[in-house]
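A.B. asks: Before anything else, here's the structure in question.
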Amino acid sequence: MKFAQQQLQKYRNEALQFEETLDLNDLISERFSDLILKAETVLVKGSIQMTEEDDYFLMANFHADLTLPSSRSLQPVDWSCDLNVAETYVENPEKIKEFDEEEPVFAIQNKTIDLDVAILDNIVSALPLQILTKEEEAGAPLPEGKDWQVISEEEFLKEHPEEKEAKETAEKDQKLDPRLAKLDDFFKK
């Protein structure tokens, strides 16, 4: 679903309310096929309003049901998320510099706001770093094959004591230099 900038300019005084069902599978296969295997249709409710500064403010919420690959075995895992989106779109990319770094601000591309892209980007940013099947969470053995196997970090350190020493030495070296301790306190304020 795309909203043309010309269409949105009609909503200066009140927000454009929308409720859309999005099928993101084509966009997923194009952009993030390695992260998401498939997605159910996503119902998105929200609004877009033109601000006094002639920017466009998108507010939306949605629930997404996805199938992701396990980070250990690549087996399919069902995962869901509920997200709220609050983003600002500006016509001139130079105007982005006027906003705080933490604020999600984007330049309008091709005079449209693409809701599919905005929702998918928010889904991808919310994906967990590690996702496991129920069996893997319960302690299923790690994957292995012909002439290879996955081992835990603890097992690796038992088999390679020199690596354990190197890791401990690196952790000691990461301690703060006493000459910089006052500078560390400065940034905590």
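A.B. asks: Counting residues that are of a type in the set (Asp, Glu), which strands (runs of 3 or more DSSP E) fully inside the stretch 50-150 reach at least 2? It would help to see each step written out before you state the result.
C.D. replies: On the way: elements: 56-69, 76-90, 105-107, 112-114.
Because the criterion is at least 2 residues that are of a type in the set (Asp, Glu), the strands (runs of 3 or more DSSP E) in the stretch 50-150 that meet it are 76-90.
A.B. asks: Also: Being of a type outside the set (Val, Ile, Thr) and modelled with pLDDT of 95 or more is the requirement here; does Lys45 meet it?
C.D. replies: Working: of a type outside the set (Val, Ile, Thr): yes; modelled with pLDDT of 95 or more: yes.
In short, yes.
Residues are listed down the side, and each one gets a yes or a no for (1) without any contact (Cβ under 8 Å) to a residue 60 or more places away in the chain; (2) surrounded by 14 or more Cβ atoms within 10 Å (Cβ to Cβ):
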| residue | (1), (2) |
| --- | --- |
| Gln49 | yes, yes |
| Glu52 | yes, no |
| Ala60 | yes, yes |
| Asn84 | yes, no |
| Thr88 | yes, yes |
| Glu91 | no, no |
| Phe99 | yes, no |
| Glu102 | yes, no |
| Phe106 | yes, yes |
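A.B. asks: So is Thr112 of a type outside the set (Asp, Glu), in the same structural domain as Tyr11 (by TED's automatic domain parsing) and out of contact with any Asp or Glu (no Cβ under 9 Å at 6 or more places or on another chain) or not? Step through it out loud before you land on a result.
C.D. replies: Numbers: of a type outside the set (Asp, Glu): yes; in the same structural domain as Tyr11 (by TED's automatic domain parsing): yes; out of contact with any Asp or Glu (no Cβ under 9 Å at 6 or more places or on another chain): yes.
Spelling it out, Thr112 is indeed of a type outside the set (Asp, Glu), in the same structural domain as Tyr11 (by TED's automatic domain parsing) and out of contact with any Asp or Glu (no Cβ under 9 Å at 6 or more places or on another chain).
A.B. asks: Still on this structure, please answer the following. For Ser70, are the conditions met, namely being under 21 Å from Leu132 (Cα atoms) and exposed (fewer than 13 other Cβ atoms within 10 Å of the Cβ)?
C.D. replies: Numbers: under 21 Å from Leu132 (Cα atoms): yes; exposed (fewer than 13 other Cβ atoms within 10 Å of the Cβ): no.
No: the conditions fail for Ser70.
A.B. asks: Of the residues that sit in the stretch 17-47 and are among the aliphatic types (A, V, I, L, M) and under 14 Å from Leu83 (Cβ atoms), which one is surrounded by the fewest Cβ atoms within 10 Å (Cβ to Cβ)?
C.D. replies: Pass one, the stretch 17-47, residues among the aliphatic types (A, V, I, L, M): 22, 24, 27-28, 35-37, 39, 42-44.
Remaining after also requiring under 14 Å from Leu83 (Cβ atoms): 22, 24, 39, 42-44.
Numbers: Leu22: 18, Leu24: 22, Ala39: 21, Val42: 21, Leu43: 13, Val44: 22.
Restricting to residues being among the aliphatic types (A, V, I, L, M) and under 14 Å from Leu83 (Cβ atoms), the top hit is Leu43.
The values are calculated or read from the model by the stated rules, or taken from the named source; none is laboratory data. Source: prediction; values computed, not measured. Positions of Cβ are backbone-derived with ideal geometry, glycine not excepted, and every protein chain shown enters the neighbour counts.
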